Amino acid sequence: MTTKSVELAIFWLPLIAAILLGGIAGNAWYGGDKIPAIWIAFVGCICFLLTGALQFQQYTYARLLQPEIELLAPTHQSILRWDPPREFNFTTRPADQPLGAMGQSQSPILPLKNKATIAAQDISVVWEIPAYDVSSLTQSSVRMQTYSATQNGNMTTLGSVMNPQGAPQGLPFTFPTSFKNTVPLSFLTRESETFIPYDVWSQAVLFFMATLPNNRGDRSEPVVMTAT
């Protein structure tokens, strides 16, 4: 049986039993069997009470015994470093963290807070950004085309370019295309941390780099990211 079928059975079986027993008790009473009718009616009342108790249990489990989880904004801004053609890989890190070596990148870390009185188990935070056409984005961006950004299947490659002597300059950087991913968290009491999956974060960074204005002070296109 499915969970929905079990929930329906929990509600309807005691209720049907109570109605049937009420009818039997009425027939027994008017048929002259008053003592049996009293006890049958008593059992019917118990079934009605059982129905109410089971419904209250379901309500309590669904509404009162569920964790209330709040995802907070990062405590620090993220710093993006991209220095083509010397290096084509981009590196991101929280502003309070030291600069990592080339290729050592860290996506934003966000606090999770459980505001309920019970612990939460088996949490899954699903991160997603609206899908966009990577090829169209890189083709329309002068900055991306300057450094030979290409899309090959499910992989995006930045670089490389040729120096004046015709030799490759810089090591190409390749990463997968991903707009949705899940971060599991086995247990949450009061507070913990989660993070934006790096593959999803990379798609946001790519969009940001492709649409970043050239003039200081201009605003870039927003990247909307949802967490469920």
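FYI, it's all coordinate maths here, none of it is from the lab. Predicted, not measured: the structure shown is a model, and the values here were computed from it. Backbone-built Cβ (ideal geometry, glycine too); neighbour counts: all protein chains shown.
In table form, for the structure just shown:
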{"read-out": "Whole-angstrom gap from segment 170-228 to segment 102-138, using each part's C-alpha centre", "value": "8"}
{"read-out": "Extension gain from residue 199 to residue 146, taking 0.36 nm per residue of separation minus the Cα-Cα distance", "value": "16.7 nm"}
{"read-out": "Segment 69-227: relative contact order in percent, alpha carbon pairs under 8 Å with at least 6 residues between", "value": "27"}
{"read-out": "Cut-off 15 Å between beta-carbons: net charge of the residues surrounding residue 192, Lys and Arg +1, Asp and Glu -1", "value": "-2"}
{"read-out": "Karplus-derived 3J(HN,Hα), 6.51/-1.76/1.60, for each residue of segment 42-50, Hz, glycine and proline x", "value": "4, 5, x, 5, 4, 5, 4, 5, 4"}
{"read-out": "Quarter of the Cα convex hull surface for segment 110-228, i.e. its orientation-mean projected area (nm²)", "value": "10.0"}
